[in-house]
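Just below is one structure, and these are the notes that go with it.
The values are calculated or read from the model by the stated rules, or taken from the named source; none is laboratory data. Note that the structure is a prediction, hence the values are computed from the model and not measured. Cβ placement follows ideal geometry from the backbone for every residue including glycine, while neighbour counts extend to all protein chains displayed.
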């Protein structure tokens, strides 16, 4: 991911889990559907064609400072991507391997965690409209 910043002159790199490198069963249906919905809203509203709100990312420190990140919970990924889109930050996505989790996630592995994360992601999108 860092090679993209260093060699290809982009400021923001997202590791895309929505690829053939994603292990079957590594993402739940709500994660897949919610990810598609959130990225579709960002495309419609800000015109940035993200394919994933993936947790794997690299960003130039100077750019990160410009984003003035606030969220410390479920909304941080979408906040970062929306602010980058609003500032027209050059980005790329690269396919990353994503494997099944060992154990149960507190977020995607529970109904309440899924609802809280989905709510926060949507709330964040509409907050930055």
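Here are the numbers for the structure shown:
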{"quantity": "Criterion (farther than 18 Å from residue 108 by Cβ and not in a helix (DSSP H, G or I)) met by exactly one of 50, 74", "calculated": "50"}
{"quantity": "Of all residues in region 11-30 being touching a strand residue (DSSP E or B) at 6+ places or on another chain (Cβ under 8 Å) and assigned to a loop (DSSP other than H, G, I, E, B), the one that is modelled with the highest pLDDT", "calculated": "11"}
{"quantity": "Which listed residue is more than 15 Å from the chain's Cα centre (by Cα), surrounded by 15 or more Cβ atoms within 10 Å (Cβ to Cβ) and more than 27 Å from residue 99 (Cβ to Cβ), from 45, 5, 82", "calculated": "45"}
{"quantity": "Residue that is nearest to the chain's Cα centre (by Cα), among those in region 99-129 that are at pLDDT 90 or above and assigned to a loop (DSSP other than H, G, I, E, B)", "calculated": "128"}
{"quantity": "Search result, residues across region 48-59 that are surrounded by fewer than 16 Cβ atoms within 10 Å (Cβ to Cβ) and at pLDDT 95 or above", "calculated": "49"}
{"quantity": "Failed item, numbered, when residue 33 is tested on (1) modelled with pLDDT under 95; (2) crowded, with 19+ Cβ neighbours inside 10 Å; (3) assigned to a helix (DSSP H, G or I)", "calculated": "(2)"}
